[in-house]
Amino acid sequence: MLRLSLFICLFSITWANAMAVLVAKEPIMFEEKLNPAKLKLINVSSIKKKCIPLTLAQLQNNEYRTTHYINRNSIICQKDVTTYKDESVLFNFGSIQIEKKGKIIYENDQFIRIKKADGTVEKIYKDGRLKWICFLS
């Protein structure tokens, strides 16, 4: 009887110190938009010192994108995600419009350079030609 009451007491103390954190149900790829369907809320007794867990309220208020690959059953920290910004460039070639994901890093009269999310740079000439520049920064 004493053992049972001691076990219940220790279990309740451990459960009282638990905190609710978001954990990945399945692996989440690099630069993937964070989907609440891929996350679950669990209680843990301790987390790493450097990890400030992402809260459910933050997830509901903003859209996030991962900064690196996240393994299954890993706690989602604030350093693992950034706020999602839809960056795209719209080209208008008369009757044809083309939308490219990325941001403009250089533009002149002849061409435009776009840096994509994966780090590659694409050079698009204003007459419609296309050239890839494969350096990562």
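Just so you know, all these numbers are worked out from the coordinates, no wet-lab data involved. Because the structure is predicted, anything quoted here is derived from the model rather than measured. Neighbour counts are summed over all protein chains in view; Cβ atoms, including those assigned to glycine, are modelled from backbone coordinates with ideal geometry.
Kirkwood radius, the stretch 18-137, all distinct C-alpha pairs, inverse of mean reciprocal distance: 16.8 Å. For Phe111, the residues 5 or more places off, or on other chains, whose built amide H falls under 5 Å of its own are Lys126.
Note the full-extension length gain between His68 and Ile104 as 0.36 nm times their separation in residues minus their Cα-Cα distance, in nm to one decimal.
Contour length minus Cα-Cα distance gives 10.6 nm.
Net charge within 14 Å of Gly94 by Cβ-Cβ distance, Lys/Arg positive one each and Asp/Glu negative one each, not counting Gly94 itself?
0
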